[in-house]
Amino acid sequence: MIFYIGSLLAIMCIYPWQYLSANTSPFVQVFSAIGIKTAAAVINFVVLTAAASSCNSAIFTTGRMIFSMTYGSKSKLGQRLGSLSLRQIPKNGIIFSTMTIAIIMVMGLFLPGDLFTFIASVATTCFLFVWGMIILAHLKYRHFVKVTDKETSLKFKMPLYPISDYFVLIFFLIVTIVLFLRTNTRIALIASIIWLTGLWIVSNRQNRPSSELDQ
């Protein structure tokens, strides 16, 4: 709350929000506008350091996530990604994550203005899908608990259930509508939906028995 809302409140008190550019850091714009050029350079250094740290964290986490998701896979690609090196490191998963980031950097040369919005919109759509599924799973779980008369055994209950669950779903729906209103975010939203649908179809096909596939 302090770092995000507090910093935005401080910026809005100094600099009109409609004049902030999405291509540069708002902190840099504020310090440059009030004549503190050195502070702007320091902020740029902090932003670049944070970006490098975030990139390193992404490579670390996604490399291991890819390994865990492909471990025990029957496909050749899955077996390569789901294997460990001699030092017990998911080397192939890390290389795959690094190559993905490298491809995105190359794309940034051709789409310098719209790439960040596109990637952020895709990530937002995926988060909406994942957390939406979690809320729906919780609703189904609580319904099962209620039907089986096991509510008394719950040690921790969601506050304001089920209102809180439906409130979150409505909020996600509002965010989805907002993403659909702008052209660049709408393209990312549709692309994410197509991607998730494709993953669902491939997953269902792989999980079907071989005898059923032969038919």
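The values are calculated or read from the model by the stated rules, or taken from the named source; none is laboratory data. Treat the numbers as computed from the prediction; the structure is a model and nothing was measured. Virtual Cβ from ideal backbone geometry, glycine too; neighbours counted across all protein chains shown.
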**Report entry** Boolean, Ala123 is within 17 Å of Leu189 (Cβ to Cβ), among the small types (Gly, Ala, Ser) and part of a helix (DSSP H, G or I)
**Finding:** yes
Requested in this report: Determine, yes or no, whether Ala137 is under 30 Å from Phe171 (Cα atoms), hydrophobic (A, V, I, L, M, F, W, C) and within 18 Å of the chain's Cα centre (by Cα).
Outcome: no
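Quick grid of which residues meet (1) assigned to a helix (DSSP H, G or I); (2) farther than 25 Å from Phe118 by Cβ:
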{"site": "Phe129", "(1), (2)": "yes, no"}
{"site": "Leu136", "(1), (2)": "yes, yes"}
{"site": "Lys140", "(1), (2)": "yes, yes"}
{"site": "Val145", "(1), (2)": "yes, yes"}
{"site": "Lys155", "(1), (2)": "no, yes"}
{"site": "Leu160", "(1), (2)": "no, yes"}
{"site": "Val178", "(1), (2)": "yes, no"}
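Would you kindly identify the helices (runs of 4 or more DSSP H) lying entirely within region 1-77 that contain at least 1 residues that are among the small types (Gly, Ala, Ser) and in contact (Cβ under 8 Å) with a residue 40 or more places away in the chain?
In region 1-77, 37-70 are the helices (runs of 4 or more DSSP H) which contain 1 or more residues that are among the small types (Gly, Ala, Ser) and in contact (Cβ under 8 Å) with a residue 40 or more places away in the chain.
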Query - Count of region 144-170 residues which are surrounded by 12 or more Cβ atoms within 10 Å (Cβ to Cβ) and within 13 Å of Leu128 (Cα to Cα) - result: 2
Query raised in the report: Within region 156-210, can you find the residues that are touching a Leu at 6+ places or on another chain (Cβ under 8 Å) and either in contact (Cβ under 8 Å) with a residue 60 or more places away in the chain or on the phi > 0 side of the Ramachandran plot (or both)?
Result: Thr185, Ala188, Leu189
Report summary line: Checked against (1) modelled with pLDDT of 80 or more; (2) in a loop (DSSP other than H, G, I, E, B), Ser97 satisfies every condition except (2)
